[in-house]
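These notes are about the structure you will find just below.
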Amino acid sequence: MIKAFIFDLDGVLTDTAEYHFRAWKRLADEIGEPFTREDNESLRGISRRGSLLLLLKGRIVPEPEFEQMMARKNAYYLTFIEEITPRDLLPGAKELLLEIRAASLQTGLGSASKNAREVIERLGIANLLDAVSDGYSVERQKPAPDLFLHAAGQLGRAPSECIVVEDAAAGIEAAQAGGFHTVGLGPRERVGAAEVVLASLAGVRLADLAGQFQFL
Ligand code: B16
Ligand code: MG
């Protein structure tokens, strides 16, 4: 029986990927690394440190310099997310959050981002989430299951009672490693491993998932 939903943030509830792209692109230009929108796709759901490692493509950088690069990228990102308002919620996200709560099911957030709390405040959905697990909550990031296990622990639920909603291959892998049910958002090439694959949350109601999952 499903008792809770755990939502990823970037790519599921809002599209911060564009801001991550602009921030990484600015850093990449400054340090002379090529970086395209396609490169940015492979950073979906990957932690800040993991993302910089991918961006550097094997170039070895001393740890203090590496940390300074992460800080620079984050400073750029923070200025971009100042623009976020409730209008930046992806279509269907708020409606589904409200419907889940109205059905006496729980909601949680499982985001790799250390900026997740600020983003959900700006989106105006902090009060619709019963638990928030973010980039500060665990050491091991996706595809390790730790972040979702942390969220389920806060909700007092077993993984088998939770559906994880994710847009990243690393996120689906993390959820499945933890024994969670999964809904993948996006193309099958990316999230095809999920139990249910949807294009997005636009127009998605609980009843649409009742065929695959049993609630309460
Ligand atoms: P930060 P999610 C992830 O968010 C993003 O998809 C990924 O691009 C980003 O690098 C990561 O958060 C860490 O974000 O630098 O703000 O700590 O999809 O897990 O909600
Ligand atoms: Mg994501």
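FYI, it's all coordinate maths here, none of it is from the lab. Please read all numbers here as calculations on a predicted model, not as lab measurements. Using ideal geometry, Cβ is built from the backbone for each residue, glycine included, and neighbour counts are taken over all protein chains shown.
General observations
- Among 83, 118, 30, sorting on how many other beta-carbon atoms sit within 10 Å of each Cβ, with the fewest leading, yields 83, 30, 118.
- Comparing Cα centroids, the range 142-216 and the range 8-22 end up 17 angstrom apart.
- Taking amide hydrogens as placed 1.01 Å from N in the peptide plane, the amide H of residue 186 sits under 5 Å from those of 198, 199, 200, each at least 5 positions away in sequence or on another chain.
- Hz values of 3J(HN,Hα) by residue in the range 195-210 - Karplus curve (6.51, -1.76, 1.60), Gly and Pro given as x: 4, 10, 10, 10, 5, 6, 8, 4, x, 7, 10, 3, 4, 5, 9, 5
- Among 12, 197, 164, sorting on how many other beta-carbon atoms sit within 10 Å of each Cβ, with the fewest leading, yields 197, 12, 164.
- The Cα-based radius of gyration of the chain, divided by its Kirkwood radius, gives an Rg/Rh of 0.97.
- Computed [θ] at 222 nm, deg cm²/dmol, the chain (DSSP H ≥ 4; -39,500 (n - 2.57); rounded to nearest 500): -12500 deg cm²/dmol
- For the range 155-164, the Karplus equation 6.51 cos²θ - 1.76 cosθ + 1.60, evaluated at θ = phi - 60°, returns couplings of 7, x, 10, 7, x, 5, 9, 10, 9, 8 Hz by residue, with Gly and Pro reported as x.
- Rg(Cα)/(2.2 N^0.38 Å) for the range 17-83, N = residue count: 1.01
- Ranked for footprinting exposure by Cβ neighbours inside 10 Å, fewest first, 125, 81 give 81, 125.
- A simple count of charges around residue 180, restricted to other residues whose Cβ falls under 14 Å of its Cβ and scoring Lys, Arg +1 and Asp, Glu -1, yields -3.
- Amide H within-cut-off set for residue 14, under 5 Å, with H built and near neighbours excluded: 90
- A cut-off under 10 angstrom between Cβ atoms defines the neighbours of residue 148, and their net charge, with Lys, Arg +1 and Asp, Glu -1, is -2.
- For residue 106, residues with placed amide H under 5 Å, excluding near neighbours: 4, 5
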